[in-house]
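Written out below as structure tokens is the structure these notes cover.
The values are calculated or read from the model by the stated rules, or taken from the named source; none is laboratory data. Quick caveat: nothing in here was measured; it's all calculated off a predicted structure. Heads up, the Cβs are rebuilt from the backbone with ideal geometry, glycines too, and the neighbour counts pull from every protein chain shown.
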Amino acid sequence: MTTVLAIETSCDETAVAIVKNREVCSSVVSSQISVHQQYGGVVPEVASRQHVETINFCVEQALQDAQVEWEAIDGIAATAAPGLVGALLVGLTTAKTLAIVHQKPFVGIHHLEGHIYASYLSDPALQPPFLCLLVSGGHTSLIYVKDCGVYETLGETRDDAAGEAFDKVARLLNLGYPGGPVMDRLAQEGNPQAYPLPEGNVGLPGGGYHPYDSSFSGLKTAVLRLVQKLQQQGGLLPVKDIAASFQESVSRSLTKRAIACAIDYGLETIVIGGGVAANSGLRSHLAAAAATRNLRVLFPDLKFCTDNAAMIGCAAAEHLNRGHTSRLTLGVQSRLAI
Ligand code: KG4
Ligand code: ZN
């Protein structure tokens with residue numbers, strides 16, 4: 001059993017967790033959403049400062065919740081990339097400092113590897129190979145998980161991430177930030193067939209479209225045009241129907257690609273991660289499509305889908321079990337392929 005203290009500060013959540021292999025002993029997540037809401041999105045400099053102010057309290061809280069002393073910790077981990085540079089630096093520097101002070105091994109973790117490992121927290125018996133559909137505010141990826149540290153990205157967004165598209169359309173509809181949850185709520189009361197919208201296909205030079213890549217900027221523009229047209233016609237904007245039609249289009253698009261990818265690569269399990277994994281439309285589309293193809297879909301607990309440190313700790317424990325550690329000279333990177 002390897003017990004890890006893990007830190008995640010890649011964006012706007014200050015998170016610290018204690019994880020024993022695939023078991024969560026404590027998971028503290030301090031969200032900055034209310035601070036960023038007034039700006040309509042995450043302000044990087046504000047995020048860094050908030051992390052600095054909060055991180056030590058989160059470390060103390062995580063140790064206290066888990067009722068663990070430093071002697072019982074086998075290693076310290078932090079997200080090293082990708083993410084906001086200043087935000088990442090706070091978590092990584094804290095982890096390195098704790099590793100030096102308490103003389104523990106240190107390991108830096110890729111944020112997307114963390115999102116993949118979230119599924120092991122909900123199903124500790126899960127084994128690779130499987131396909132991970134990772135849909136967050138920053139990423140929309142289809143990742144073939146072959147083993148710990150062995151990943152192949154088979155599909156990606158060419159422009160906006162799925163969550164980013166939800167947030168941008170929500171802003172267009174004056175629904176505030178973050179837009180995903182409120183869009184989801186309104187969509188459930190709207191007609192998903194009200195307005196036909198593009199499904200985010202990426203055209204190929206020889207015709208047809210890329211089977212696994214997606215593009216959501218065209219969809220966002222289509223919603224903008226629709227809103228402008230409806231505004232010209234006057235009357236109240238049918239926000240629920242617009243949200244439902246948009247959600248339908250994103251859900252169909254992601255489901256189609258994930259199912260095709262799993263079948264083409266002979267993978268029987270699809271796991272889903274990232275904030276958009278909470279979306280009711282995506283969940284029902286994916287569950288229905290997978291059932292007709294005899295595929296298993298694993299929906300991890302919502303608290304492990306959105307950014308948290310338990311997923312980072314779970315990945316770190318597996319790396320430490322395999323003897324992998326990082327040098328204390330490891331730096332952060334805003335962009336880095338998995
Ligand atoms: O994974 P996450 O917490 O942070 C990133 O790593 O980006 O994802 C946040 C994103 C936001 O864009 C948010 O609007 C979206 O996930 N989101 C949703 C829902 N809940 C959160 N999008 C659609 N439907 C939801 N229910
Ligand atoms: Zn994330």
### Query
Applying the selection to segment 206-252, what residues are in a helix (DSSP H, G or I) and of a type in the set (Asp, Glu)?
Asp241, Glu248
### Message
Of everything in segment 241-297, what is without any contact (Cβ under 8 Å) to a residue 40 or more places away in the chain and on the phi > 0 side of the Ramachandran plot? Give them in sequence order.
### Response
Gly266, Asn294
### Summary
Across (1) surrounded by fewer than 16 Cβ atoms within 10 Å (Cβ to Cβ); (2) among the hydrophobic types (A, V, I, L, M, F, W, C); (3) not in a helix (DSSP H, G or I), Phe57 clears everything bar (3)
### Message
Exactly one of these conditions fails for Asn321: (1) surrounded by fewer than 17 Cβ atoms within 10 Å (Cβ to Cβ); (2) within 13 Å of ligand 1 (Cβ to nearest atom); (3) in contact (Cβ under 8 Å) with a residue 40 or more places away in the chain. Give me its number.
### Response
(2)
### Task
Give just the number: which of (1) within 16 Å of ligand 2 (Cβ to nearest atom); (2) under 21 Å from Thr325 (Cβ atoms) does Thr97 not satisfy?
(1)
### Query
Does Ala262 qualify as being more than 15 Å from Phe130 (Cβ to Cβ) and part of a helix (DSSP H, G or I)?
no
### Query
Is it the case that segment 31-40 has a residue that's within 17 Å of the chain's Cα centre (by Cα), in the same structural domain as Lys104 (by TED's automatic domain parsing) and not in a strand (DSSP E or B)?
yes
### Query
Which is in contact with a Phe, Trp or Tyr (Cβ under 8 Å, 6 or more places away or on another chain) and either more than 16 Å from ligand 2 (Cβ to nearest atom) or in a helix (DSSP H, G or I) (or both), of Leu267, Leu320?
Leu267
### Query
With respect to the numbered conditions (1) over 14 Å from the mean Cα position of the chain (by Cα); (2) surrounded by fewer than 24 Cβ atoms within 10 Å (Cβ to Cβ); (3) within 16 Å of ligand 1 (Cβ to nearest atom); (4) aliphatic (A, V, I, L, M), which one is the sole condition not fulfilled by Ala125?
(3)
### Query
Of all the residues that make up segment 60-91, how many are in contact with a Pro (Cβ under 6 Å, 6 or more places away or on another chain) and in a strand (DSSP E or B)?
1
### Query
If you scan segment 278-305, which residues turn out to be within 16 Å of ligand 2 (Cβ to nearest atom), modelled with pLDDT of 95 or more and among the small types (Gly, Ala, Ser)?
none
### Query
What single numbered condition from (1) near ligand 1 (Cβ under 10 Å from one of its atoms); (2) part of a strand (DSSP E or B) fails to hold for Glu156?
(1)
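Given the structure, is His139 under 17 Å from the mean Cα position of the chain (by Cα) and not assigned by TED's automatic domain parsing to the domain that holds Arg283?
Spelling it out, it is not the case that His139 is under 17 Å from the mean Cα position of the chain (by Cα) and not assigned by TED's automatic domain parsing to the domain that holds Arg283.
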### Query
Does Ser10 qualify as being over 30 Å from Asn174 (Cβ atoms) and either buried (at least 19 other Cβ atoms within 10 Å of the Cβ) or within 16 Å of ligand 2 (Cβ to nearest atom) (or both)?
no
### Message
Checking the structure you have, find out if any residue of segment 107-120 is out of contact with any strand residue (DSSP E or B) (no Cβ under 7 Å at 6 or more places or on another chain), away from ligand 1 (no atom under 16 Å from the Cβ) and outside any loop (DSSP other than H, G, I, E, B).
### Response
yes
### Query
Does Val85 satisfy being more than 14 Å from ligand 2 (Cβ to nearest atom), of a type outside the set (Phe, Trp, Tyr) and in contact with a His (Cβ under 7 Å, 6 or more places away or on another chain)?
no
